[in-house]
1. Quickly run through region 17-44 and pick out the residues that are among the acidic types (Asp, Glu) and surrounded by fewer than 15 Cβ atoms within 10 Å (Cβ to Cβ).
2. List the residue pairs whose Cβ atoms are under 7 Å apart, where the first residue sits in region 130-142 and is without any contact (Cβ under 8 Å) to a residue 60 or more places away in the chain, the second is among the aliphatic types (A, V, I, L, M), and the two are 6 or more positions apart or on different chains.
3. I'd like to verify a number: residues in region 96-115 that are surrounded by 24 or more Cβ atoms within 10 Å (Cβ to Cβ) and either within 20 Å of Trp8 (Cβ to Cβ) or among the aliphatic types (A, V, I, L, M) (or both), how many?
4. Could you check, for region 54-71, whether at least one of its residues is surrounded by fewer than 24 Cβ atoms within 10 Å (Cβ to Cβ) and among the hydroxyl-bearing types (Ser, Thr, Tyr)?
5. Could you please find all residues in region 72-95 being open to solvent by less than 30 Å² (accessible area, probe 1.4 Å) and not β-branched (Val, Ile, Thr)?
6. Looking only at region 147-159, count every residue that is out of contact with any Asp or Glu (no Cβ under 9 Å at 6 or more places or on another chain), open to solvent by less than 10 Å² (accessible area, probe 1.4 Å) and part of a helix (DSSP H, G or I) and tell me the total.
7. Scan the helices (runs of 4 or more DSSP H) fully inside region 338-448 and keep the ones with 2 or more residues being surrounded by 16 or more Cβ atoms within 10 Å (Cβ to Cβ) and modelled with pLDDT of 90 or more.
8. Regarding Arg153, is this residue charged (D, E, K, R), farther than 29 Å from Asn21 by Cα and touching a residue at least 40 places away in the same chain (Cβ under 8 Å)?
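The values are calculated or read from the model by the stated rules, or taken from the named source; none is laboratory data. Quantities reported herein were computed from a predicted structural model and do not represent experimental measurements. Glycine also receives a Cβ, built like all others from the backbone with ideal geometry; neighbour counts cover every protein chain displayed. For the accessible areas, the whole protein counts, side chains as well, though only heavy atoms, and no ligand, DNA or RNA atoms are used. Shrake-Rupley method; radii C 1.70, N 1.55, O 1.52, S 1.80 Å.
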Amino acid sequence: MTARSGRWIQQWDPEDETFWNRTGRRIARRNLLFSVLSEHIGFSVWTMWSVLVLFMGPEYGLTPADKFLLTSVVTLVGAVIRVPYTFAVAVFGGRNWTIVSAALLLVPTVAAFAVMEPGTSFTTFLLVGLLAGIGGGNFASSMTNINAFFPLRKKGWALGLNAGGGNIGVPVIQLAALAIIGASGGPRVLLGIYLPLIVAAAVLAALYMDNLASVRNDTGAARDAARDPHTWIMSFLYIGTFGSFIGYSFAFGQVLQIQFGRTPLQAAYVTFLGPLLGSLIRPVGGWLADRHGGARITLLNFAAMGAATAVLVAASVQRSLTLFTVAFVVLFVLTGLGNGSTYKMIPGIFRAKALARGPAGEPAAAYGRRLSGAAMGLIGAVGALGGVGINLAFRQSYLSHGSGTGAFVAFLVCYAVCGAVTWAVYLRRPAARPAGPHTAEREQPRLDYAEV
């Protein structure tokens with residue numbers, strides 16, 4: 001039985017198939033649904049400036065460099081705030097924090113509504129952009145929370161669905177802007193529509209979500225996760241996947257405007273497509289990782305990302321809009337696949353370490369859930385910093401060379417390094433040690449990460 005006190009669940013063991021089939025699955029899926037809703041709106045609020053800057057014409061007095069700096073600041077805050085949001089789940093409970101984090105989205109939305117007009121200073125826009133970064137934190141708390149609800153065999157699908165549903169907030173606000181601002185509704189109409197949606201997300205979380213007592217007050221898990229080298233290795237890999245996704249989401253429309261002379265509406269007609277496909281494909285990345293191993297899928301994905309980026313370099317040099325757009329959309333799809341496969345790897349890595357240390361079964365599963373949940377927030381925070389790097393790289397590339405070619409070359413090198421790290425750490429099998437009289441005493445159990 002699942003013991004409940006108010007909205008707190010006292011006993012939770014999803015690895016027990018009888019428990020899972022009888023009650024756990026229904027409760028986990030309900031929490032997943034409303035977690036996705038809150039995270040989805042959080043992503044929309046976080047990335048609203050990727051749309052707003054497209055429609056901020058000459059009357060706003062902002063240069064292309066100003067716009068890239070603005071989106072870099074928004075991305076930076078969204079990345080940094082993921083760290084405390086990860087801890088908040090352990091302190092307050094997943095349901096309780098979802099209510100608070102959803103309600104907090106009112107602050108940047110109302111602030112943007114108040115200042116969105118010509119004549120507002122660039123400094124004011126930067127400060128309001130800082131507030132919008134709040135929306136980026138919802139991902140970390142949501143993933144940490146949902147990770148605890150699902151068994152290991154379902155995590156790739158569940159985490160992919162949770163993150164993918166949140167990521168779709170990026171193309172949704174871009175499509176909404178295309179429909180509303182494109183129809184002369186104005187930015188304030190777009191922002192006004194989101195206000196009741198934010199309230200609805202907070203209310204629904206209060207009514208239908210649960211807290212897990214097993215997660216509460218385990219702030220030591222974050223400390224343990226931060227000490228583990230795999231947390232930082234996976235953070236680096238997530239820079240390559242999610243950092244690319246969020247960075248390109250902010251930058252794609254601006255690149256089309258600056259390098260190819262697209263109007264705001266022409267850019268908006270294309271901008272949403274990449275984030276949409278990248279979000280929809282993320283659960284597929286998790287599903288493929290469940291079936292074939294996250295490390296294998298991640299390595300293949302980085303190779304494909306490198307190939308797509310090479311095509312982008314050629315398209316940028318030739319100034320071929322069609323080739324550039326197609327390659328960019330393909331790259332978005334690959335970022336989504338990689339997001340799903342890398343996040344599937346995280347619980348598998350910590351479960352493998354637990355199995356190497358002691359008995360299998362629930363102790364190993366509990367250890368894996370404990371550390372992987374904390375690690376996910378840290379990895380999500382560091383990974384999102386890749387989006388900052390992408391926007392700053394584009395800014396510098398356009399200031400120095402007048403095109404984004406230099407930035408794409410740098411991204412190509414990054415994907416090559418990410419692929420090499422994935423192979424070296426999680427797929428390469430070291431040569432067997434020569435046998436000797438004391439080999440058994442010296443040799444530690446080797447962790448096999450090929451299946452994570």
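1. The answer is Glu17, and nothing else.
2. Every condition considered, the pairs that remain are Leu130/Val73; Leu130/Val77; Leu131/Val107; Leu131/Ala111.
3. Total meeting the criteria: 5.
4. Yes: one or more hits.
5. The answer is Ser72, Gly78, Ala79, Arg82, Tyr85, Ala88, Ala90, Gly93, Gly94.
6. Number satisfying all stated conditions: 3.
7. 362-401, 405-422
8. Taking the combined requirement at face value, the residue does not satisfy it.
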